[in-house]
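Here the structure is laid out as structure tokens; the discussion comes afterwards.
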Amino acid sequence: MTSRNGTRPRRSVVDLHTHTTVSDGRLSPEELVRHAHAGGVRCLAVTDHDNTDGLPAAQAEAARLGMDLIPGIELSTELHGQSVHILGYFLRYQEPSFQEWLLPMRDDRVSRARRMVERLAELGYPVAWERVLEIAGAGSVGRPHIAQALLEAGHVGSITEAFDRFIADGGPAYVERMKLSPQEAIAQVHRFGGVAAVAHPCDFPDVERMVAELAAAGVDGIETYYQGYGPQRIEFLLALARHYHLIPTGGSDYHGFPMGAASTVDNDPGAVYVPAEVVERLRDRAGRYRLRASR
């Protein structure tokens, strides 16, 4: 990963994409904050999938350490039959109406995971549902927990293999999620005072078409600095950001699950360079939304 001036930064003080045990990460909210702080991160966004339960604990630990903690979320949506994830930042997540809106998605994550475990058994690769729940702990169960159970059962040699063979989108044990459009997710993030960005955009088959549609829907940013994105891809995404007046965001997408000895998929917090000015641009955009709403 290189910066705009061609140098190779060793660490980033900003990470705008991380996960905890509340969704499908391996560290508790407090542990994640401490781990990020120890690695030099000073501005951290906790963006659990469809869930904000970890934010109060993360904010309290960040305050103790003198870190800037951005309340966030990662919403699972679908566009033209393809998965698109929307990151929300600076949300008024405590509002009861926002939590009510999230509830069906949270329930769907559990039922979906259980159906995937059932499909694995039908395919001849059984894992115990009880073990999947144990791996998830207090968090919302997700595919990484199923992948870990597959690894422990000896059905695969790595977490990456578990996804590739069985539970990646379209895989033999994959189960569709509840249908939510990115346009609705963007609207809800804005409704509750936040700014919305497209996560890992290059996962979508036609990036330019997707960004054009979501820019028309009011998305604020595009994740430009991301694990595995080299200089050419970053420049491509920066050009899209400039064209559609979007904020180029970024982060490690840290979960803490081992992906295999040869894999660099799960970078530590701060391993992906994100320019510090991105935070102020997001904060300024969120402030303008709040000011508009108060008029």
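Table: residues versus (1) modelled with pLDDT of 95 or more; (2) in contact with a strand residue (DSSP E or B) (Cβ under 8 Å, 6 or more places away or on another chain); (3) of a type in the set (Ser, Thr, Tyr); (4) farther than 17 Å from Val22 by Cα.
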site	(1), (2), (3), (4)
Pro71	yes, yes, no, no
Glu74	yes, yes, no, no
Asp107	no, no, no, no
Ser111	no, no, yes, no
Arg119	yes, no, no, yes
Number of the exception - Leu240 against (1) in a helix (DSSP H, G or I); (2) modelled with pLDDT under 95: (2)
Candidate set from segment 43-59 (those that are within 14 Å of the chain's Cα centre (by Cα) and of a type in the set (S, T, N, Q)); member that is surrounded by the most Cβ atoms within 10 Å (Cβ to Cβ): Thr47
For His155: the one exception among (1) of a type outside the set (Lys, Arg); (2) crowded, with 22+ Cβ neighbours inside 10 Å; (3) touching a Phe, Trp or Tyr at 6+ places or on another chain (Cβ under 6 Å); (4) more than 20 Å from His49 (Cβ to Cβ): (2)
Checking Ser140 against (1) outside any helix (DSSP H, G or I); (2) without any contact (Cβ under 8 Å) to a residue 40 or more places away in the chain; (3) surrounded by 14 or more Cβ atoms within 10 Å (Cβ to Cβ); (4) out of contact with any Phe, Trp or Tyr (no Cβ under 8 Å at 6 or more places or on another chain), the condition it does not meet: (2)
Any pair with Cβ under 7 angstrom, 6 or more apart, that starts in segment 186-209 at a residue that is under 17 Å from Ala286 (Cβ atoms) and ends at one that is part of a helix (DSSP H, G or I) and of a type in the set (Lys, Arg): Gly193/Arg290; Val195/Arg285
Matching residues, segment 243-280, being of a type in the set (Gly, Ala, Ser), at pLDDT 90 or above and either more than 17 Å from Gly88 (Cα to Cα) or not in a loop (DSSP other than H, G, I, E, B) (or both): Gly250, Gly251, Gly270, Ala271, Ala276
Conditions (1) surrounded by fewer than 21 Cβ atoms within 10 Å (Cβ to Cβ); (2) within 27 Å of Thr21 (Cβ to Cβ); (3) not aliphatic (A, V, I, L, M): number failed by Gly270: (1)
Checking Gly154 against (1) part of a helix (DSSP H, G or I); (2) at pLDDT 95 or above, the condition it does not meet: (1)
Search result, residues across segment 158-190 that are surrounded by fewer than 16 Cβ atoms within 10 Å (Cβ to Cβ), of a type in the set (A, V, I, L, M) and in a helix (DSSP H, G or I): Ala187
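The values are calculated or read from the model by the stated rules, or taken from the named source; none is laboratory data. Just so it is clear, the structure is predicted and the values come from calculations on it, not from any experiment. Please note: Cβ atoms are built from the backbone with ideal geometry, for glycine as well, and neighbour counts cover all protein chains shown.
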